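S.K.: Below is a structure I'd like to ask you about.
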Amino acid sequence: MSRLFVRSALFVPGNRPERFAKALASGADVVIVDFEDAVAAQDKALTREQLAAYFNTHPEARVWVRINASATQEHEADLEHCRQHPGVVGILLPKAESTAQVSEVTALGKPVWPIIESAQGVLAIGAIASCRGVQRLTFGALDLALDLGLKAGSGGAEAVFDQTRYALLLHSRVNALEPPLDSVYPAFEDDAGLACAMQRVRDMGMGGALCIHPRQVPVVHAALAPSAEEMAWARRVVSAAESGEAAFKVDGAMVDAPVLGRARRLLSLG
């Protein structure tokens, strides 16, 4: 499967085609046309028609689609829409809870991001991550909080979410998936809060985040980028490694293979 470097994945409501161009011009690494939560039940069919019409007038457009969940009546129609349109280059499966659900979607031959949003989904992360065609994992904090009875936004809820993040990271690594994406940050006008949250999950190993507003995209990118100090340190380490020694000292600290690996990773992100 092809690799895709993603820091930001921006949702745009599928029933607001006038916003598609703005989303695609936002600088987000991926744009996700949302057929699910952002669209009222009576507008689902119209949403598919509107995206098809957009592809007709913008054949160069490439988007991902968050389809409706497996148990819903719109699911099959969403899958057929994604099958028909080459402009849909990947699919997000909400409320993923089993390999059967995921395999039905990966059968389309397009990369899939399962969204973990329930206790059952958390328990199935390992099996879901091993499905052929899954490219990366993510989770939905608000739905997961509802299912588990957590108070969204509380320290207690974050402690539970950290366990989910840990599971996503481990199973992504052992299955050679792309780094998982964090859940959305609902307060889209709180740039400082988003930056702080992103720096925290970056340090945990998460690759980026789902976004709900274009203004979040540059904040996420900046928060994920290595600092000038980190880049300078990485350059010093890589330069010192040219000596050929297995272990050496930089800035008064020992450098060995894992530290050198981190330095090279930072430089690749700069």
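S.K.: What ³J(HN,Hα) values, in whole Hz, does the Karplus curve 6.51 cos²θ - 1.76 cosθ + 1.60 give for segment 189-202 when θ = phi - 60°, with x put for Gly and Pro?
M.R.: 9, 8, 4, 5, x, 5, 4, 5, 4, 5, 5, 5, 6, 4
S.K.: Here is a follow-up. Determine the shape class of segment 136-209: with a ≥ b ≥ c the square roots of the Cα gyration tensor eigenvalues, call it rounded for a/c under 1.5, and otherwise prolate if a/b is greater than b/c, oblate otherwise.
M.R.: Details: a/c = 1.99, a/b = 1.26, b/c = 1.57.
Oblate, because a/c is 1.5 or more while a/b does not exceed b/c.
S.K.: While we're on this one: Which one, 192, 219, 176, projects farthest toward the positive side of the charge dipole computed for segment 106-232 from Cβ point charges (K/R +1, D/E -1)?
M.R.: Going by the charge dipole, the pick is 176.
S.K.: Right, another one. Is segment 182-254 rounded, prolate or oblate when judged by the Cα gyration tensor, a ≥ b ≥ c being the square roots of its eigenvalues, rounded requiring a/c under 1.5 and prolate requiring a/b larger than b/c?
M.R.: Prolate is the answer for segment 182-254, as a/c is 1.5 or above and a/b outweighs b/c.
S.K.: Tally Lys/Arg at +1 and Asp/Glu at -1 over every other residue whose Cβ is under 14 Å from the Cβ of residue 80; what's the total? Don't jump to the answer; show the numbers that get you there.
M.R.: Numbers: positive: 44, 48, 83, 110; negative: 49, 74, 76, 78, 104.
Here the charged neighbours net out to -1.
S.K.: Also: Within a 10 angstrom radius of the beta carbon, how do 185, 166 rank from fewest other beta carbons to most?
M.R.: Working: 185 24, 166 12.
Exposure proxy ranking, most exposed first: 166, 185.
S.K.: Let me ask something additional. What ranking do 7-16, 127-136 get when scored by the average of other Cβ atoms within 10 Å per residue, highest first? Show your work: numbers first, answer last.
M.R.: Details: 7-16: 22.8, 127-136: 19.1.
The most tightly packed comes first, giving 7-16, 127-136.
S.K.: Further question on the same structure: Run the count for the chain, please: Lys pairs, Cα-Cα under 23 angstrom, 8 or more apart or on different chains. Please report the intermediate quantities before stating the final value.
M.R.: Details: 22/44; 44/95; 44/110; 95/110; 95/151.
Lysine pair count for the chain: 5.
S.K.: Sticking with this structure for a sec: Hey, got a sec? Which trypsin sites (Lys or Arg not before Pro) in segment 151-182 land in a DSSP loop and have at most 14 other Cβ atoms within 10 Å?
M.R.: On the way: sites: 151, 165, 173; in loops: 151.
Qualifying residues, ordered by number: 151.
S.K.: Please find, in a Gaussian network model of the chain (springs between Cα atoms separated by less than 10 Å), the residue of 118, 70, 227 whose mean-square fluctuation is greatest.
M.R.: 227
S.K.: Assuming R0 = 25 Å, what is the FRET efficiency of residue 159 and residue 192, from their Cβ-Cβ distance, to the nearest 0.05?
M.R.: Details: r = 22 Å, r/R0 = 0.88.
The pair residue 159/residue 192 has a calculated efficiency of 0.70.
S.K.: What order, most packed first, do the peptides 141-150, 40-49 have when packing is the mean number of other Cβ atoms within 10 Å of each residue? Can you show the working numbers first?
M.R.: Values: 141-150: 17.2, 40-49: 14.7.
Per-residue mean Cβ counts within 10 Å order the peptides as 141-150, 40-49.
S.K.: Please report the spacing between the Cα centers of segment 147-187 and segment 55-85 in Å, no decimals.
M.R.: Cα centroid to Cα centroid, the span is 26 Å.
S.K.: Moving on to the next point. If R0 is 51 Å, what FRET efficiency do you get for residue 235 and residue 16 from their C-beta distance, rounded to 0.05?
M.R.: In this case the efficiency is close to 0.70.
S.K.: Calculate the spin-label point distance for residue 151 paired with residue 222, positioning each point 7 Å from the Cα along the beta-carbon direction, and give it in nanometres.
M.R.: The modelled label-to-label distance comes out at 3.2 nm.
Taken together, the values in this text are just the output of simple stated rules run on the coordinates, not laboratory data. Predicted model, so just to flag it, every value in this text is computed and none were measured. No Cβ is skipped: glycine too gets one built from the backbone with ideal geometry, and neighbour counts run over all protein chains shown.
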